[in-house]
Amino acid sequence: MGLKLEEGEKMRLFGIHTRIIKSGDSLVDVILEGIQKRKVTLEDGDVLVIASKAVATIQGRFVGLSSVEPSEKAKELAETYSMEPRFVEVVLWEAERIYGGVSGALLTMKNGVLIPNAGVDQKNAPRGFVILWPEHPRESAEKIKAEIFERSGKKVGVLIIDSRVTPLRLGTTGVAIGVAGFNPIRDCRAEKDVYGNRLLITRHALADDLACAAHLLMGEADGRVPVVLARDVPVYLAEEPDPNFMLLSEKNCLFMNCFV
């Protein structure tokens with residue numbers, strides 16, 4: 001089923017406030033409770049955008065730093081980039097590759113995504129703990145989608161997002177790390193621009209664009225908006241979208257091919 005905004009229509013975003021989420025909670029319970037309190041109802045074609053930390057919290061993805069013994073490599077990186085050695089050690093556990101860093105952060109590869117500190121974060125984690133990325137984000141999104149359908153009868157898309165930085169830009173934006181129920185990319189190469197020129201390489205990163213829009217409502221602090229309900233989104237629903245469709249190889253990436 002395809003959904004496309006017509007001229008004059010508007011995509012709508014509803015920030016869903018929730019109670020504080022705890023390890024072992026039912027995330028779908030929390031989402032449905034929040035939607036009810038927001039006085040909106042789920043509709044077929046809606047997309048639920050969920051903060052990665054909400055999913056990770058449910059999964060108990062916390063590490064107590066007092067239990068971590070930093071390696072020599074962690075100590076060296078911590079010294080170079082003014083970081084806490086135990087924190088760096090956890091990043092080493094989680095990262096597929098480390099490229100370098102700046103004061104307070106390492107640039108890493110995690111699940112094919114360039115992300116600071118392999119997604120390891122002290123924000124929204126109890127004091128003395130760090131929180132990791134969710135395990136298997138795509139499968140987690142699929143599970144949430146299936147449970148939402150079972151509980152509500154509604155066919156929705158699910159998007160799990162985190163925040164990241166953009167080269168040479170200050171501040172964080174949203175990034176999709178798990179998608180279920182819709183195609184995350186729109187291939188524009190068969191289309192033409194306003195002058196009739198054919199688009200040669202352009203693909204539209206729908207999931208990442210939606211992640212950025214939802215990130216505006218979620219914020220980065222204590223707003224307790226871990227879920228955004230997106231309605232009338234110009235995406236194409238698909239039961240089994242290709243999980244690797246939004247990933248790009250290093251040799252085809254403009255940044256990686258130039259600088260690494």
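Assess whether E150 counts as being crowded, with 18+ Cβ neighbours inside 10 Å, free of Cβ contacts under 8 Å to residues at least 40 places away in the same chain and farther than 24 Å from L247 by Cα. Can you show your working first?
Details: crowded, with 18+ Cβ neighbours inside 10 Å: no; free of Cβ contacts under 8 Å to residues at least 40 places away in the same chain: yes; farther than 24 Å from L247 by Cα: yes.
Against the criterion (crowded, with 18+ Cβ neighbours inside 10 Å, free of Cβ contacts under 8 Å to residues at least 40 places away in the same chain and farther than 24 Å from L247 by Cα), E150 does not qualify.
Go through segment 56-94 and give me each residue that's assigned to a loop (DSSP other than H, G, I, E, B) and among the basic types (K, R).
R61
For segment 52-63, does any single residue satisfy the condition of being over 21 Å from L159 (Cα atoms) and at pLDDT 95 or above?
yes
Tell me, yes or no, whether segment 45-55 has at least one residue that is surrounded by fewer than 18 Cβ atoms within 10 Å (Cβ to Cβ) and either of a type outside the set (S, T, Y) or assigned to a loop (DSSP other than H, G, I, E, B) (or both).
no
For segment 127-152, which positions are part of a helix (DSSP H, G or I), within 15 Å of S52 (Cα to Cα) and among the β-branched types (V, I, T)?
Result: I144, single match.
Do any residues in segment 74-87 that are under 14 Å from G104 (Cβ atoms) have Cβ atoms under 7 Å from those of residues that are polar (S, T, N, Q) and at pLDDT 95 or above, where the two are at least six apart or on different chains, and which pairs are they?
Y81/S103; S82/S103
Condition (residue is over 29 Å from E250 (Cβ atoms) and either surrounded by 14 or more Cβ atoms within 10 Å (Cβ to Cβ) or not assigned by TED's automatic domain parsing to the domain that holds V235 (or both)) applied to segment 86-96: is it met by at least one residue?
Yes, the conditions are met somewhere in segment 86-96.
Suppose we keep only residues that are modelled with pLDDT of 90 or more and outside any helix (DSSP H, G or I) within segment 206-229. Which one would you say is surrounded by the fewest Cβ atoms within 10 Å (Cβ to Cβ)?
Step by step, filter segment 206-229, then rank; the result is V225.
Scan segment 97-129 residue by residue and report those that are of a type in the set (S, T, N, Q), at pLDDT 95 or above and surrounded by 13 or more Cβ atoms within 10 Å (Cβ to Cβ).
Hits for segment 97-129 are T108, N117.
Only one of S26, S66, S71 is without any contact (Cβ under 8 Å) to a residue 40 or more places away in the chain, farther than 30 Å from E150 by Cα and surrounded by fewer than 15 Cβ atoms within 10 Å (Cβ to Cβ); which?
S71
The values are calculated or read from the model by the stated rules, or taken from the named source; none is laboratory data. On a predicted model such as this, the values are computed, not experimentally measured, just so you know. All Cβ positions, glycine included, derive from the backbone under ideal geometry; neighbour counts span all protein chains shown.
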